[in-house]
Amino acid sequence: MATQRFGPIAKADSNTPSETLEQIRPLRIVVMRGSPTYDYLLKNKFKPEQILVESTLENMFKALDKGLVDVIYGSEQINSAVIASSGRKMNHYRFGSTISLGDIWLAGSKDFSASDIQLLQQAMAELQKDGSYARLMKKYKLKP
């Protein structure tokens with residue numbers, strides 16, 4: 001459906017370097033449980049004990065705001081939306097460089113029937129036809 005950018009987010013008033021994997025390697029990092037970011041960091045030789053895994057995006061920001069971690073590592077688009085929707089101020093955070101990319105997909109289980117697949121495809125066609133898909137892409141700064 002779209003490509004998302006992954007990178008670090010630090011508090012704007014911190015001196016935390018957050019442009020490259022090498023810069024964030026010694027830092028305390030929070031990631032979202034179930035996202036590909038935890039495995040990505042481990043694959044890039046980060047230590048499990050330096051990575052906090054949270055169950056909600058709100059908890060990730062709380063950990064950063066309270067100084068429990070140095071950076072959030074995750075989707076720039078999703079985390080930007082969390083900042084905006086939570087009443088936080090965008091200028092209180094500093095987004096580092098995009099370090100990795102990932103595809104955003106709408107997936108179903110292997111046991112989806114042909115009729116389930118057709119229903120999903122019809123729903124997607126309706127979202128595209130009425131402009132909802134384009135509005136979502138624009139809201140989260142994604143390219144369709």
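Could you look through region 83-102, keep only residues that are in a helix (DSSP H, G or I) and under 17 Å from Asp13 (Cα atoms), and pick out the one that is least open to solvent (accessible area, probe 1.4 Å)?
At the first step, the residues of region 83-102 found to be in a helix (DSSP H, G or I) are 83-85, 90-92.
From what's left, under 17 Å from Asp13 (Cα atoms): 83, 90-92.
Values: Ile83: 1, Met90: 83, Asn91: 114, His92: 94 Å².
Within region 83-102, the match that is least open to solvent (accessible area, probe 1.4 Å) is Ile83.
Would you tally the residues in region 6-45 being touching a Leu at 6+ places or on another chain (Cβ under 6 Å) and either farther than 19 Å from His92 by Cα or assigned to a loop (DSSP other than H, G, I, E, B) (or both)?
First, the residues of region 6-45 that are touching a Leu at 6+ places or on another chain (Cβ under 6 Å): 30, 44.
Then drop every residue that is not either farther than 19 Å from His92 by Cα or assigned to a loop (DSSP other than H, G, I, E, B) (or both), which leaves 44.
Residues in region 6-45 being touching a Leu at 6+ places or on another chain (Cβ under 6 Å) and either farther than 19 Å from His92 by Cα or assigned to a loop (DSSP other than H, G, I, E, B) (or both): 1 in total.
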If we keep only residues of region 21-78 that are basic (Lys, Arg) and under 12 Å from Pro8 (Cβ atoms), then the residue least open to solvent (accessible area, probe 1.4 Å) is Arg25
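The values are calculated or read from the model by the stated rules, or taken from the named source; none is laboratory data. These numbers were taken from a predicted model, which means no experiment stands behind them. Note that we place each Cβ from the backbone using ideal geometry, even for glycine, and neighbour counts take in every protein chain shown. Keep in mind that these areas ignore ligands, DNA and RNA; they rest on the heavy atoms of the full protein, side chains included. Shrake-Rupley method; radii C 1.70, N 1.55, O 1.52, S 1.80 Å.
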